[in-house]
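Here's the structure, in structure tokens; my notes come after.
What follows draws every value from the coordinates through simple rules; no lab data is involved. All values derive from a computational prediction rather than experimental measurement. Note: ideal-geometry Cβ built from the backbone for every residue, glycine included; neighbour counts use all protein chains shown.
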Amino acid sequence: MNKNILLSIILIVISIVVIAFTMTTYRYYRAIHSDDPIDPYIQVEQWNVTISRGKLAIDMTIPDSYEIQEWDIIFTRADSQSVITWPDHSTTRLGPSSQLIIERMRVAADYSRIELVASLESGKVWSNIVRTLYPDSRIEFNIPKYGTVAGVRGTVFEINIDNNYIHSVTHSVTLQNSLGQLVTLLPGDVVAADNIFSKIWFWLDMAWVRLNTTKDTAYIALRDTSMRDAYTLLTGKSDMSNIWDQFVRWILSFFSGFDSISLFSAIASGNISDIANLPTTLVTRWYQSFQSTDFVQERDQLRWVIISLRDNIINGDQIIESLTRGAMWDIVSSSGMTLQYTKQLLDTYAQDTGTTLDQLIWVVKKIDSGSLSEWGRAIYERLVR
């Protein structure tokens with residue numbers, strides 16, 4: 001065979017391999033970074049919105065979107081609506097005639113620290129916080145009119161100044177009034193915005209609730225699809241050729257930027273020893289990414305990994321407390337699903353508190369915390385905050 005032809009064939013084969021490797025690597029890269037922090041922005045969903053930034057006024061109409069900054073003031077006009085997407089992919093929807101001041105938006109690249117602080121001056125907001133917060137993180141919505149602060153650790157909730165109420169939709173919301181007194185709302189609890197000790201059983205803006213519930217469902221479905229695709233690829237269960245995929249994964253395992261492949265390979269195989277040398281921040285980051293109800297089993301596995309590495313984690317005990325809160329919500333809402341490692345975590349917690357797992361679940365399921373015994377209240381306060 002002519003040497004030039006042979007050389008051409010070799011070059012073509014090499015080119016095909018390089019292109020295929022680059023495309024596969026990029027696919028992994030996109031999966032690994034699919035849930036990275038983003039630049040926060042606001043999008044108009046109905047009519048028009050104005051951003052006040054110092055002396056600058058930025059007018060927007062549907063379907064405009066615009067990046068937002070700390071100390072921006074958002075105004076929605078009558079009959080207008082807009083949605084803020086925060087750096088951690090959480091969302092806040094503003095109703096008509098609302099004014100929101102954005103005070104702080106700080107999110108670490110690995111989600112080890114999240115700070116979102118805003119003040120609602122008027123109108124109403126609905127927020128879907130998509131992550132579980134760890135030590136030194138906070139998400140707070142202030143209501144200056146009443147001196148109330150709403151703090152959350154991963155939940156859906158609404159503040160409606162127009163109708164004078166605060167409503168916890170899922171998980172819990174901790175409220176603090178101007179005197180420093182605290183109240184924790186469980187799912188479905190509603191209190192007056194001007195008096196957090198006054199429970200309300202009606203007056204919800206049901207049209208607003210239905211609208212946001214529908215939009216949240218669509219948004220979370222999109223997130224779940226993206227995260228499921230990433231999880232399937234990173235665990236090696238994608239539709240790519242098995243031999244080729246194993247080859248690419250082996251090459252990428254030598255690069256620190258692709259540690260997520262090693263993490264999910266170890267989870268899929270059940271080999272904790274393969275995870276011992278991975279950065280613990282990597283594990284906790286992915287745990288926070290899988291917070292929807294579609295990933296209960298994945299959270300169970302990731303809890304197991306984090307617990308196994310707790311001695312290597314900064315603020316490990318505090319993070320375990322955060323895991324315990326999440327574990328309790330999963331046990332309560334998983335309808336009998338087998339969560340082996342979650343149950344082990346809660347069994348350990350139950351022993352430490354001198355109680356039983358059944359009693360712990362009973363405490364959380366009790367919506368009216370005011371009726372709990374002193375023992376029950378102590379466990380309740382620790383679990384939900």
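Estimate the FRET efficiency between D162 and T281 by the formula 1/(1 + (r/R0)^6), using the beta-carbon distance for r and 45 Å for R0, to the nearest 0.05.
0.60
Can you work out the FRET efficiency for the pair L179 and S97, with r the C-beta to C-beta distance and R0 = 25 Å, to the nearest 0.05?
0.25
On a 0 to 90 degree scale, rounded to 10, what angle separates helix 280-289 from the longest Cα axis of the chain?
Around 60 degrees separate the two axes.
Taking a quarter of the surface of the Cα convex hull of the chain, what do you get in nm²?
Reported value for the Cα convex hull: 23.9 nm².
Would you mind finding the longest exposed-site-free stretch of the chain, with exposed chymotrypsin sites (Phe, Trp or Tyr not before Pro) meaning DSSP loop and at most 11 other Cβ atoms within 10 Å?
Excluding the exposed sites themselves, the longest stretch runs over 1-200.
What is the helix-to-structure angle for 316-333, meaning the angle in degrees between its Cα long axis and the longest Cα principal axis of the chain, kept from 0 to 90 and rounded to the nearest 10?
80
So how far apart, in nm, are the two label points at A20 and F247 if each is 7 Å from Cα heading toward Cβ?
Placing both labels 7 Å along Cα→Cβ, they lie 0.6 nm apart.
Do any of K55/K215; K215/K343; K124/K199 go past 26 Å between their Cα atoms, and which?
Distance filter (> 26 Å) returns K55/K215; K215/K343.
If a/c stays under 1.5 just call it rounded; otherwise compare a/b with b/c (prolate if a/b is bigger, oblate if not). Do that for region 41-214, with a ≥ b ≥ c from the square roots of the Cα gyration tensor eigenvalues.
Oblate is the answer for region 41-214, as a/c is 1.5 or above yet b/c matches or exceeds a/b.
Rounded to a whole number of µm²/s, how large is the Stokes-Einstein D of region 13-88 at 37 °C and 0.692 mPa s, given Rh as the Kirkwood radius over C-alpha pairs?
218
Can you run the Rg to Rh ratio on region 76-116? Use alpha carbon positions and the Kirkwood inverse-distance Rh.
1.09
Full extension from Y41 to R77: what is 0.36 nm times the residue separation minus their Cα-Cα distance, to one decimal in nm?
The span from Y41 to R77 would gain 11.2 nm if fully extended.
Output the 0 to 90 degree angle, nearest 10, between the alpha-carbon long axis of helix 3-32 and the longest principal axis computed from the alpha carbons of the chain.
Its long axis makes an angle of about 20 degrees.
Give me the extension gain from S334 to L7: residue separation times 0.36 nm, minus the current Cα-Cα distance, reported in nm with one decimal.
Going from the current span to full extension adds 111.7 nm.
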